[in-house]
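First comes the structure, then the notes that go with it.
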Amino acid sequence: MRGRGHAPVNIALCKYWGKRDKELNLPVTSSLSMSMTGLGATTEIRPCAGTHDRITLNGQEVDPSQAFASRLSAYLHLFRPTGISFEVDTTSDVPVGAGLASSAAGFAAIVLALNDLFGWELDPPSLSILARLGSGSACRSIHSGFVEWQAGERADGMDSYATPLSEEWPELMIGWLPLSTDEKPISSREAMLRTVETSRLYTAWPEQVANDLAIIKQAITDHSLEALGPAVESNALAMHATMWAAWPPVNYWLPETLAVLQQVWKLRAEGLALYFTMDAGPNVKLIYQKQDQPTIRQAFPEIHI
Ligand code: DP6
């Protein structure tokens with residue numbers, strides 16, 4: 001008896017940053033992402049005897065005391081029949097814990113694997129809700145393409161899940177620059193809590209999101225990178241500004257991060273339609289159109305597209 005699931009990495013164009021309920025991972029605001037086809041996590045899960053879950057990541061057994069393993073085991077506890085442990089075998093296409101949305105793809109893949117294992121046959125909103133319990137952004141990785149996570153209003157979170165947008169935009173490209181794959185200094189979970197609790201700038205965040213989300217959705221409908229890019233870039237910078245204003249300050253940037261941003265701004269000043277976004281890590285994701293791929297590859301030879 002075994003279950004299998006695969007889920008894509010998703011990159012938020014309008015970020016989820018801050019919770020109204022930290023047990024259920026209910027967000028303060030809605031958010032919107034783009035799933036990356038071809039990059040994701042694949043998970044196989046089997047019930048087994050024994051007192052511990054056995055977790056393997058990319059072929060290597062993970063020590064149960066590691067944060068990754070204990071978080072996963074705690075999550076599996078929500079579904080565990082009495083006396084059952086699990087063998088979980090995950091393959092991730094992106095480094096874990098480096099701000100590359102690995103946990104989002106990972107928890108979504110686990111939910112799909114559990115759904116397969118137990119034969120739940122859950123509908124997409126229910127799968128998205130279960131993924132959200134593992135990691136907020138995971139609720140968006142249940143779907144491909146552009147995905148919106150509605151914040152919802154209910155205290156039980158049953159209206160807080162992600163749905164795919166019907167729009168497609170095949171010319172829109174997203175590539176990431178692997179500046180560092182070291183594990184981040186502070187988890188996004190902790191950083192988010194600290195920001196909400198201590199950052200004065202956080203009060204401005206919900207309004208920023210409402211504004212950016214409307215622009216981003218319209219830009220996707222219109223296939224307008226000129227409208228999308230500034231909203232996406234400003235949204236990411238505003239999120240990092242709320243972190244810098246937290247105490248103790250939260251910083252994910254490396255000197256190389258700023259150097260890339262300056263290069264993006266320089267290329268844009270020279271006429272290239274190139275924008276960036278960043279998550280809870282030093283790596284930069286570039287957003288541009290297919291026609292500019294050769295120029296981008298030349299300017300950033302290390303890019304993964
Ligand atoms: C910066 O989903 O990792 O990537 O709900 O605590 O697990 P938890 O947080 P998580 O936070 C993601 C934050 C982000 C922005 C985003 O993906 O929207």
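The values are calculated or read from the model by the stated rules, or taken from the named source; none is laboratory data. As the structure is a computational prediction, the values presented were derived from the model and not from experiment. A quick note on method: Cβ atoms are made from the backbone with ideal geometry, for glycine too, and the neighbour counts reach across all protein chains shown. The protein model used for the area step is the full one, side chains on, heavy atoms only, and it has no ligands, DNA or RNA in it. Shrake-Rupley method; radii C 1.70, N 1.55, O 1.52, S 1.80 Å.
What you get for the chain, charging only the Cβ of Lys and Arg (+1) and of Asp and Glu (-1), is a dipole of about 400 debye around the Cα centre. Rank THR82, THR295, THR90 by mean-square fluctuation in a GNM of the chain with C-alpha springs under 10 angstrom and give only the top-ranked residue. Sorting by GNM fluctuation, first place goes to THR82. Taking GluC sites (Glu not before Pro) in DSSP loop states with no more than 14 other Cβ atoms inside 10 Å as exposed sites, the chain has its longest site-free stretch at 24-120. If you take the Cα centroid of segment 139-218 and the Cα centroid of segment 229-305, the two points sit 16 Å apart.
Counting only the Cα atoms, segment 3-164 fills a convex hull of 105 Å³ per residue. Computed over the chain with a Gaussian network model linking Cα atoms closer than 10 Å, the most mobile of ASP212, ASP93, ASP279 is ASP93.
Size check on segment 157-240: the Cα extents along the three principal axes, sorted descending, read 38, 32, 28 Å. With all protein chains kept in place, the per residue accessible area of the chain amounts to 45 square angstrom at a probe of 1.4 angstrom. Summing charges over neighbours of ILE216, with a neighbour being any other residue whose Cβ is under 12 Å away from its Cβ, gives -3 when K and R count +1 and D and E count -1.
Normalised by the number of residues in the chain, what is the relative contact order in percent for Cα pairs under 8 Å and 6+ residues apart?
Relative contact order comes out at 21 percent.
Could you tell me which of rounded, prolate or oblate describes segment 19-73, using a ≥ b ≥ c as the square roots of the eigenvalues of the alpha-carbon gyration tensor, with rounded for a/c under 1.5 and, failing that, prolate when a/b is larger than b/c and oblate otherwise? Because a/c hits 1.5 or more and a/b fails to exceed b/c, segment 19-73 counts as oblate.
Working from the Cα coordinates of the chain, the gyration tensor eigenvalues give, after taking √(5λ), semi-axes of 31, 21, 20 Å in decreasing order. Taking only the C-alpha atoms of segment 172-299, the Rg (one decimal) and the largest Cα-Cα distance, Dmax (whole number), read 15.3, 44 Å.
Classify segment 58-127: rounded, prolate or oblate, from the alpha-carbon gyration tensor (a ≥ b ≥ c, eigenvalue square roots; a/c under 1.5 rounded; otherwise prolate if a/b is larger than b/c)?
oblate
Expressed as a whole percent, the accessible surface of the chain that belongs to carbon and sulfur atoms is 53, based on a 1.4 Å probe.
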